[in-house]
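The values are calculated or read from the model by the stated rules, or taken from the named source; none is laboratory data. This structure is a prediction, so every number in the text was calculated from the model and none was measured. Cβ placement follows ideal geometry from the backbone for every residue including glycine, while neighbour counts extend to all protein chains displayed. We work out accessible area using only protein heavy atoms, side chains counted, and drop any ligands, DNA or RNA first. Shrake-Rupley method; radii C 1.70, N 1.55, O 1.52, S 1.80 Å.
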Amino acid sequence: QVQLVESGGGLVQAGDSLRLSCAASGRTFVMGWFRQAPGKEREFVASLKWNGGRTYYADSAKGRFTISGDNAKNTVYLQMNSLKPEDTDDYYCAAQTMYTFTYEAPSAYDYWGQGTQVTVSS
């Protein structure tokens, strides 16, 4: 059983930055971030594969968001820059504890955090 604890959400203005953090209580192979609005599907944002450090991004995140991690702390970060009102959502950390070789599908992740709210005002 792996627990994921997120932090870093909040209310910011358009153009501001936020950094989300997610600490895992156990070993993971991949950690990722997803976003979800009420009544909508959970949507991939970015993921990091610890072995080799490869990262994956949704098109909407490329150029503004950066995922990084500290393997020693089992912690992954999502640096979000130049935030826009349309980035407003609940953001969820997720982890894979088995290799699935799939990085964007929510179904590939077996553990989830509780979510942290990001609100960007115009």
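Descriptive notes on the structure:
- Accessible carbon and sulfur surface of region 40-122 relative to its total accessible area, %, 1.4 Å: 45 percent
- Couplings 3J(HN,Hα) of region 56-66, computed from phi: 9, 9, 6, 4, 5, 9, 4, x, 10, 10, 9 Hz, in residue order, whole Hz [Karplus 6.51 cos²θ - 1.76 cosθ + 1.60, θ = phi - 60°; x for Gly and Pro].
- In the chain, a dipole from Cβ-located charges (positive for Lys and Arg, negative for Asp and Glu) runs towards its positive end, and of F101, S17, T116 it is F101 whose Cα lies farthest in that direction.
- Among Q13, Q36, Q96, the largest mean-square fluctuation in a Gaussian network model of the chain (Cα springs under 10 Å) belongs to Q13.
- Net charge, R42 excluded, C-beta distance under 13 Å - Lys, Arg +1, Asp, Glu -1: -3
- Heavy atoms of the protein chains alone define the surface here; on that basis region 72-122 has 49 Å² accessible area per residue at 1.4 Å probe size.
- Region 1-69: relative contact order as a whole-number percent, Cα under 8 Å and 6+ apart: 21 percent
- Here the dipole of the chain is about 320 debye; that uses its Cα centre as origin and unit charges on the Cβ of Lys and Arg (positive) and Asp and Glu (negative).
- Note on the chain: with a GNM built from Cα contacts shorter than 10 Å, the maximum mean-square fluctuation among S17, S107, S47 falls on S107.
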